[in-house]
Every structure is written in structure tokens, then in C-alpha cells.
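Have a look at the structure below, then the notes.
The values are calculated or read from the model by the stated rules, or taken from the named source; none is laboratory data. Model, not experiment: these values are computed from the prediction. Remember, those area values only see protein heavy atoms, side chains included, never the ligands or the DNA or RNA. Shrake-Rupley method; radii C 1.70, N 1.55, O 1.52, S 1.80 Å.
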Amino acid sequence: MNFENVMKLIQDEAISQTPFYMELNVFAESKDKLGFINKLVDKFNCDFDSASIVCNYFIDGTPLPSTLSPAEIAHNRQEAQDLLNKPKCPTCNSTNLKKISATSKVVNTAVFGLFGTKRFKQFHCNNCGYEW
């Protein structure tokens, strides 16, 4: 049984507030790692390494190991980077934008002359209408 399954079983125990969960809390509060691990191994019949990972998570706050493959991690990082590089509206933080075309700038300048302001703008927000 891996540490993920042990974590799910402990969550079920926590929801039900079973006596086993109360005993685990006593071990966690006293920082008795060996007692905590032995309790997990006895109750769930898991290996020592999985119980140790769960114990370190509960007692020391050590993060659980990632179960994602390197390809999935790289894909998630690329998606996050793409979101960071996407322009956002300074007013409403929306990414629902369109670029103001050169044609639109020329028409605005031809109609309004020096009072046309679109020639200085690059983006138009489709949510709130702000242009910058």
C-alpha cells in the first residue's frame, strides 16, 4: 500500500473521528514518530517507507512526494509560464483582449484628427472596454 492510499484512509478516519485517529493525534502531538509509524503499519498493513512519509507529513510538515511524471511537470510549468506571459487588462485583470488594428487607428485619427486617442493604444478589453 502506498502513501497516497494511507493518506486517504487516514482522512476517512479523521472524518469519522475514530479512536484510531485520536491515538494518531496523541502520537503526532507528542512527536513520537516511531509510535505513529507502528500504529499505521499495524492498522493499514502498509510498508514502513509509506508510513514514514505520512508520519513526516503529519509531524514535521514535510511535503508529500509528487506523483507526476517529469513530462507532466514540464507541461504544467509551460502552461503556467504561458499564463504569466499573457497580457491582462489593468482595470479588471481579464485576459479577454483584442489587439487594436492599424486600420482602426487610422480611421480613428481620420475621423477625430488630433483628438483621436486610439493611435496611442494597443489593446482593447472585451470585458470592461478599457483601452491602453
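Pairs of Cα atoms under 8 Å, at least six residues apart: use those to get the relative contact order of region 71-132, whole percent.
30 percent
Hey, what do the phi angles of region 96-105 turn into as Karplus ³J(HN,Hα) couplings, whole Hz, using 6.51/-1.76/1.60 and θ = phi - 60°, x for Gly and Pro?
These are the phi-based 3J(HN,Hα) values: 7, 10, 9, 7, 6, 6, 5, 4, 4, 5 Hz.
Could you tell me the ratio Rg/Rh of region 24-63? Both radii from Cα atoms, Rh via Kirkwood. Can you show the working numbers first?
On the way: Rg = 9.0 Å, Rh = 9.7 Å.
Rg/Rh: 0.93.
With θ set to phi - 60°, apply the Karplus curve 6.51 cos²θ - 1.76 cosθ + 1.60 along region 76-84 and write out the HN-Hα couplings as whole Hz, x wherever there is a Gly or Pro.
5, 5, 5, 4, 5, 5, 4, 5, 5
Going by the alpha-carbon gyration tensor, a ≥ b ≥ c the square roots of its eigenvalues, is region 1-53 rounded (a/c under 1.5) or, if a/c is not under 1.5, prolate (a/b greater than b/c) versus oblate?
In terms of gyration-tensor shape, oblate.
Take a quick pass over region 22-126 and tell me how many lysine pairs come in under 17 angstrom between Cα atoms, counting only ones 8 or more apart or on separate chains.
Close lysine pairs found across region 22-126: 13.
Would you work out what percent of the accessible area of region 1-61, with all protein chains in place, is carbon or sulfur (probe 1.4 Å)?
That share works out to 51 percent.
Over the C-alpha atoms of the chain, what are the Rg and the largest Cα-to-Cα span, Dmax, in Å?
Both quantities, over Cα of the chain: 28.2, 83 Å.
Relative contact order for the chain using alpha-carbon pairs under 8 Å, separation at least 6, rounded to a whole percent?
16 percent
Treating the angle as unsigned and between 0 and 90°, give the value, to the nearest 10°, between the Cα long axis of helix 33-44 and the longest Cα principal axis of the chain.
Value to nearest ten degrees: 90.
In degrees between 0 and 90, to the nearest 10, how far off the longest principal axis of the chain does helix 19-29 point, with axes built from Cα atoms?
Approximately 80 degrees, to the nearest 10.
Over the chain, with the other protein chains present, what is the accessible area per residue in square angstrom, probe 1.4 angstrom?
Averaged over the residues of the chain, the accessible area is 69 Å².
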